[in-house]
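**Q** Here's a structure for you.
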Amino acid sequence: MMSLALRTPEAFDPAPPNPAPEAPRLLVAEPCLGLEEKAALAEVIDGGWITMGERVRAFERAFADAHETEDAVAVSSCTAGLHLIMHALGLGPGDEVLVPSLTFVATANCVLYVGATPVFVDIASSDLPLMSLEDAEAKCTARTRAVILVHFAGYLVDPEPWRAFAAKHGLVLIEDAAHAAGLPGAGTLGAAAAFSFYGNKNMTTAEGGMVVARDPALREAVRQARGHGLTTGTFQRLNSRTPTYDVTMLGFNYRMDEMRAAVGLVQLSHLPEWNETRRALTRLYRSLLRAECPEVSLPFEDGRPSVHHIMPVLLPASADRQAVIDALAERGIQTTIHYPPAHRLSFYRAHQSGITLPATEAFAARELTLPLHPRMNQHDVRRVVTALREALVA
Ligand SMILES: *Cc1c(COP(=O)(O)O)cnc(C)c1O
């Protein structure tokens, strides 16, 4: 799913047992990469400067513009970006950070990277699988310093109640915006946000991420820590007379390279149209599912701002989810689960035992993610809904 590799070339499979007359495989996510990205990569290779140069800077500027923020810092992944944010904020041992459990494990891991403690918070409900304000309130202690919000599935977390919550408790508001590239408002809720360009996200550089931060000082601390805390980058040194540098803080190698930035610039230019396709496909999914699979419930209300990163549905409690997954897979339709709750993963269970988050657990037990990406069309959506309907009656 994530690789740029082509589908099994016939050269490796000269005589397939079944010439496969059925429809092609539908994946949960697929990157949209083509001639423009190839040309952009070729230009970098021909140009000779392959990392942290003008394209990385242009990508940062373009991404910041698209998200109506002042500036941005390109990094090697969203995880790296979140780590840099924790680091630049000076969070560490003794500090607690509220995080959802219904998320990718990176949201919690970045807190542990700096020695702070992630505190898992439940979702509001199965209809609104975003962090619960009420539970966040209950999990707040004298040690709580920050909260990391996730725009799960691409749906915007309500900015105002969370700003009020953060202000009331003196917390730093951070966004894990991995699902939210191109979402108006994402990246501007609080102090800082990290976006992901992993292969299954709304836009991709294969691996990559972007940090936005309101306070220029925080942003520049992230920028400097991205490259080992050096006071100048290689590119700046090329263009200046002082070939030396100083290191004024502990940093990391979380840089982005020119090849990824070149791909990112192309991808960013298509993001609005791709997000629009996701919206149309989601709308069709929701109306077909309501008509044909009324026993399946659909999280989120219709009007919530979203970039429709994934298509989560809740199977009826009585359904055998694995049987549904298998039935769809037999018809060439991949499905996944978002997410196994982080607090239930072995590592976190060993780390913090005895946590229960009833709404998160109930949601995760029934959730199924259907294919959704801009290379799909309405026939693909119909095919998935028909297959799901038939799997549920089987
Ligand atoms: C993908 C994802 C990440 C990690 O992004 P990387 O760029 O792979 O580090 C973090 N949080 C969420 C919610 C994600 O979906």
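**Q** Being polar (S, T, N, Q), within 16 Å of the ligand (Cβ to nearest atom) and in contact (Cβ under 8 Å) with a residue 40 or more places away in the chain is the requirement here; does residue 204 meet it?
**A** Against the criterion (polar (S, T, N, Q), within 16 Å of the ligand (Cβ to nearest atom) and in contact (Cβ under 8 Å) with a residue 40 or more places away in the chain), residue 204 qualifies.
**Q** The conditions are (1) without any contact (Cβ under 8 Å) to a residue 12 or more places away in the chain; (2) closer than 21 Å to residue 63 by Cβ, and residue 75 fails exactly one of them. Which is it?
**A** (1)
**Q** A further question on this structure: Kindly establish whether residue 128 is away from the ligand (no atom under 13 Å from the Cβ) and under 22 Å from the mean Cα position of the chain (by Cα).
**A** The answer is yes for residue 128.
**Q** Confirm whether residue 52 is modelled with pLDDT under 95 and either among the hydrophobic types (A, V, I, L, M, F, W, C) or not assigned by TED's automatic domain parsing to the domain that holds residue 214 (or both).
**A** yes
**Q** Only one of these conditions is not met by residue 322: (1) of a type outside the set (Lys, Arg); (2) loosely packed, with under 14 Cβ neighbours inside 10 Å; (3) within 26 Å of residue 186 (Cα to Cα). Which number is it?
**A** Failing condition for residue 322: (3).
**Q** Can you report the number of residues in the stretch 172-199 which are over 16 Å from residue 82 (Cβ atoms) and either within 14 Å of the ligand (Cβ to nearest atom) or buried (at least 21 other Cβ atoms within 10 Å of the Cβ) (or both)?
**A** 3
This table checks each residue for (1) in a loop (DSSP other than H, G, I, E, B); (2) touching a residue at least 12 places away in the same chain (Cβ under 8 Å); (3) within 30 Å of residue 121 (Cβ to Cβ).
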site	(1), (2), (3)
329	no, no, no
349	no, no, yes
353	yes, no, yes
359	no, yes, yes
389	no, yes, no
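**Q** Among residues belonging to the stretch 325-334 that are in contact with a strand residue (DSSP E or B) (Cβ under 8 Å, 6 or more places away or on another chain) and more than 15 Å from residue 296 (Cα to Cα), point out the one that is surrounded by the fewest Cβ atoms within 10 Å (Cβ to Cβ).
**A** Only one residue fits best here, namely 332.
**Q** Of the residues in the stretch 337-347, how many are crowded, with 17+ Cβ neighbours inside 10 Å and outside any helix (DSSP H, G or I)?
**A** Result for the stretch 337-347: 3.
**Q** Go over the candidates 290, 279, 283, 304 one by one and state the one that is under 30 Å from residue 40 (Cα atoms) and either surrounded by fewer than 19 Cβ atoms within 10 Å (Cβ to Cβ) or not assigned by TED's automatic domain parsing to the domain that holds residue 373 (or both).
**A** 279
**Q** Let me ask something else about it. Filter the stretch 207-218 for residues that are away from the ligand (no atom under 16 Å from the Cβ) and crowded, with 22+ Cβ neighbours inside 10 Å and give the result.
**A** Residue satisfying the conditions is 213 alone.
**Q** Another question, then. Exactly one condition in (1) closer than 22 Å to residue 205 by Cβ; (2) more than 12 Å from the ligand (Cβ to nearest atom); (3) buried (at least 18 other Cβ atoms within 10 Å of the Cβ); (4) among the hydrophobic types (A, V, I, L, M, F, W, C) is not met by residue 97; state its number.
**A** All conditions pass for residue 97, except number (1).
**Q** Being among the aliphatic types (A, V, I, L, M) and either within 15 Å of residue 56 (Cα to Cα) or touching a residue at least 12 places away in the same chain (Cβ under 8 Å) (or both) is the filter here; which residues of the stretch 222-247 pass it?
**A** If the condition is that a residue be among the aliphatic types (A, V, I, L, M) and either within 15 Å of residue 56 (Cα to Cα) or touching a residue at least 12 places away in the same chain (Cβ under 8 Å) (or both), then 222, 225, 230, 247 are the ones that fit.
**Q** Let me ask something else about it. Does the stretch 80-94 contain at least one residue that is within 13 Å of the ligand (Cβ to nearest atom) and closer than 21 Å to residue 344 by Cα?
**A** Taking every residue of the stretch 80-94 in turn, none turns out to be within 13 Å of the ligand (Cβ to nearest atom) and closer than 21 Å to residue 344 by Cα.
**Q** Separate question: So which residues in the stretch 34-70 are under 20 Å from the mean Cα position of the chain (by Cα), loosely packed, with under 14 Cβ neighbours inside 10 Å and touching a residue at least 24 places away in the same chain (Cβ under 8 Å)?
**A** 68
**Q** Related question: Applying the selection to the stretch 284-327, what residues are assigned to a helix (DSSP H, G or I) and either over 29 Å from residue 107 (Cα atoms) or among the aliphatic types (A, V, I, L, M) (or both)?
**A** The answer is 284, 287, 288, 289, 290, 291, 292, 323, 324, 325, 326, 327.
**Q** For the stretch 289-322, enumerate the residues that are in contact with a helix residue (DSSP H, G or I) (Cβ under 7 Å, 6 or more places away or on another chain) and small (Gly, Ala, Ser).
**A** Selection gives 306, 317, 319.
The values are calculated or read from the model by the stated rules, or taken from the named source; none is laboratory data. Keep in mind the model is a prediction, meaning the values are calculated, not measured. Glycine also receives a Cβ, built like all others from the backbone with ideal geometry; neighbour counts cover every protein chain displayed.
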